[in-house]
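*Asks:* This structure is in structure tokens; I'll ask about it shortly.
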Amino acid sequence: MSTEFKEPLQTGAVRFPPSGEKPKKLAIYLHGMGGTGETNAWFAEALQTVMPDTVFYIPDAYEAIDGNEEARQWFAIPKGFKDEWLAIPPAKMSPELHKRFIEMYENYNPAALKVAQYIRERMDYHGIGAQNTYIFGVSQGAMLALQLLAESDLLADKASDGSLIPVAGVMTIAGCLLNAQAVEEHPSQSKPEFVMVHGSLDITVPYRAFVLADKTLFACGEKTETKVVWGRDHTFFEKEALREILRLASRWEKQAA
């Protein structure tokens, strides 16, 4: 991953703690394809019921889909890309397939850097460090979050002794790694906690790709917890798993700010 930052995201939605008090924690929610920050703000509001001291930012994805500003994506999907490719370890792909697969990873890279800068700016603005910062993502937003945090330490802080302080938690819903090989070659050294939620019948972001992501993270020494929503496909998203999502997120409110 290149580390050249570009202009940060500027639009979307924000939800401050309902108490009106200064937030103790920061959360960024990266929505899925086809939405905006405002259309997904309800999810941040639901999460605030278990994380009431947290300010939630829900930025708009980077690109308008076919010029429609009300339907956005973080990065473009190459023409002819097949979802099942996400379930194949890159090292086992044919050269031609690998070349086409990497196109999406190359599309992801500038969006990920832009998101990383946006999050850093929010951290600085609120004076909230990595140890009190949380990342949530759904579908394409989950894929971006998972890849970014699994293969880089751009959002980690550095302690006085030189060690890395990871973000406090990463929750992905219906997502997977965009490039498992990149994570294997240079995994995150800060080791944030990954919580991954996925539907067992998902074929849009294939369940087998979710399994590959979990295996890759585990093999690289990352901290993972998985929750399978049995009998559900990609359309379950947040709502049908909301009770479990809130249960999983509630642990983070108990962590000392």
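Every read-out reported here was derived from the displayed coordinates using simple, explicitly stated rules and does not represent laboratory data. Predicted model, so just to flag it, every value in this text is computed and none were measured. As a convention, Cβ positions derive from the backbone with ideal geometry for all residues, glycine included, and neighbour counts pool all protein chains shown.
*Asks:* What's the center-to-center distance, using Cα atoms, between region 7-50 and region 193-257 in Å?
*Replies:* That distance is 19 Å.
*Asks:* Enumerate the whole-percent occupancy of each 5 Å bin, from 0 to the last occupied one, for all C-alpha pair distances of the chain.
*Replies:* Computed distribution, short to long bins: 1, 6, 14, 19, 21, 18, 12, 5, 2, 1, 0, 0.
*Asks:* Calculate the dipole size of the chain relative to its Cα centre from +1 charges on Lys and Arg beta carbons and -1 charges on Asp and Glu beta carbons; express the result in debye to the nearest 20.
*Replies:* 500
*Asks:* Pick out the long, greasy-scoring helices in the chain: whole DSSP H runs spanning 24 Å or more along their own axis by Cα, mean Kyte-Doolittle at least -1.0.
*Replies:* 95-126
*Asks:* Distances longer than 21 Å among the Cα atoms of region 83-150: what percent of all pairs is that?
*Replies:* 37
*Asks:* Using the per-residue mean of other Cβ atoms lying within 10 Å as a proxy for protection, in what order, highest first, do the peptides 75-84, 56-65 fall?
*Replies:* Descending packing order for the listed peptides: 56-65, 75-84.
*Asks:* Okay, helix-only estimate at 222 nm for the chain: each DSSP H run of n ≥ 4 adds -39500 (n - 2.57), divide by all residues, round to 500 deg cm²/dmol; what do you get?
*Replies:* The helix-only estimate for the chain comes to -10500 deg cm²/dmol at 222 nm.
*Asks:* On a straight-distance basis, which aspartates and glutamates could pair with residue 79 in a cross-link, Cα separation under 12 angstrom, same-chain partners fewer than 8 positions away excluded?
*Replies:* The reachable aspartates and glutamates, counting only those whose Cα sits under 12 Å from residue 79, are 103.
*Asks:* Would you mind putting 25-32, 190-197, 225-232 in packing order, based on average other-beta-carbon counts within 10 Å, highest first?
*Replies:* By packing density, highest mean first, the sequence is 25-32, 190-197, 225-232.
*Asks:* Please compute, for the alpha-carbon atoms of region 168-257, the extent along each of the three principal axes and give them in descending order in Å.
*Replies:* Projected onto the principal axes, the Cα atoms of region 168-257 cover 36, 34, 14 Å.
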